[in-house]
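The structure under discussion appears below in the form of structure tokens.
The values are calculated or read from the model by the stated rules, or taken from the named source; none is laboratory data. All of these numbers come straight from a predicted model, not from anything done at the bench. Don't worry about glycine lacking a Cβ; one is built from the backbone with ideal geometry, like all the others, and counts go over all protein chains shown.
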């Protein structure tokens with residue numbers, strides 16, 4: 001087990017859902033602050049993105065009441081249903097899972113951000129649809145930092161040629177990079193993924209076209225976000241540490257590449 005992996009506080013079975021969420025949110029923010037302190041960073045440098053896959057509307061409304069305004073979702077159909085049911089709230093939706101080109105029309109209509117851009121075909125389809133909608137979209141490029149064949153993302157060696165080809169897609173506002181590190185409790189396997197991402201980000205700041213921004217580094221989830229922060233994450237994507245265990249394994253929500 002890695003040395004900085006967060007352990008959830010012990011909560012009474014009688015604790016209400018609302019209080020449980022409040023307690024978990026305070027715990028996560030405390031872990032984030034301590035990771036920032038260890039690495040000489042200010043807490044305001046890192047943003048929490050709550051991942052709300054499988055989280056129902058009532059708990060989403062509780063999260064909104066707790067001050068959360070942007071939610072991350074993997075599956076387009078799920079977020080469409082939630083967005084339609086919660087139009088009374090000023091929620092922003094970040095799509096963080098692999099996107100098929102036949103779903104871009106939905107993302108182009110309502111999403112504020114897309115964190116999993118991983119092909120020129122998808123970039124082209126998104127750009128065309130966004131132009132038809134008269135919108136632009138903040139995007140992050142997904143990088144396969146672990147080198148695992150089962151994961152989506154641009155190989156690190158191909159990242160600079162890839163980003164140079166994104167310049168013509170004016171509706172895509174490139175903001176940075178995203179990754180899924182190796183799923184492991186071994187810090188020595190996880191940390192190098194995040195360290196590689198920081199190096200890539202720094203290189204792209206120097207060598208990528210000026211029209212593209214690389215200020216955002218989205219990496220780290222419930223089991224490894226303190227390490228990600230220590231290595232330079234500016235966004236951490238937290239689901240289970242906030243909302244509790246999901247009914248299905250992560251592989252159901254993070255589809256594997258062919």
task: Answer yes if at least one residue in the range 206-216 is modelled with pLDDT under 95 and in contact with a helix residue (DSSP H, G or I) (Cβ under 8 Å, 6 or more places away or on another chain), and no otherwise.
output: no
- prompt: Quick one: which of 146, 150 is modelled with pLDDT under 95, in a loop (DSSP other than H, G, I, E, B) and touching a helix residue (DSSP H, G or I) at 6+ places or on another chain (Cβ under 6 Å)?
  reply: 146
statement: Of the residues in the range 178-194 that are surrounded by 22 or more Cβ atoms within 10 Å (Cβ to Cβ) and assigned to a loop (DSSP other than H, G, I, E, B), the one that is farthest from the chain's Cα centre (by Cα) is 181
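May I ask you to list the residues in the range 56-88 that are under 27 Å from residue 100 (Cβ atoms), assigned to a loop (DSSP other than H, G, I, E, B) and in contact with a strand residue (DSSP E or B) (Cβ under 8 Å, 6 or more places away or on another chain)?
Of the range 56-88, the ones under 27 Å from residue 100 (Cβ atoms) are 56-57, 60, 70-87.
Then drop every residue that is not assigned to a loop (DSSP other than H, G, I, E, B), which leaves 56, 74-75, 86-87.
Listed by number, the list holds a single entry, 74.
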message: Every residue in the range 120-137 that is surrounded by fewer than 17 Cβ atoms within 10 Å (Cβ to Cβ) and in contact with a strand residue (DSSP E or B) (Cβ under 9 Å, 6 or more places away or on another chain), please.
response: 136
field: Where residue 98 falls short, out of the listed (1) under 21 Å from residue 178 (Cβ atoms); (2) assigned to a helix (DSSP H, G or I)
entry: (2)
task: Using the structure shown, decide if residue 115 is closer than 23 Å to residue 221 by Cα and part of a helix (DSSP H, G or I).
output: no
query: Among the residues of the range 159-177, is any surrounded by fewer than 20 Cβ atoms within 10 Å (Cβ to Cβ), in a loop (DSSP other than H, G, I, E, B) and modelled with pLDDT under 95?
result: no
- prompt: Restricting the range 19-49 to residues that are free of Cβ contacts under 8 Å to residues at least 12 places away in the same chain and outside any helix (DSSP H, G or I), which is surrounded by the most Cβ atoms within 10 Å (Cβ to Cβ)?
  reply: 42
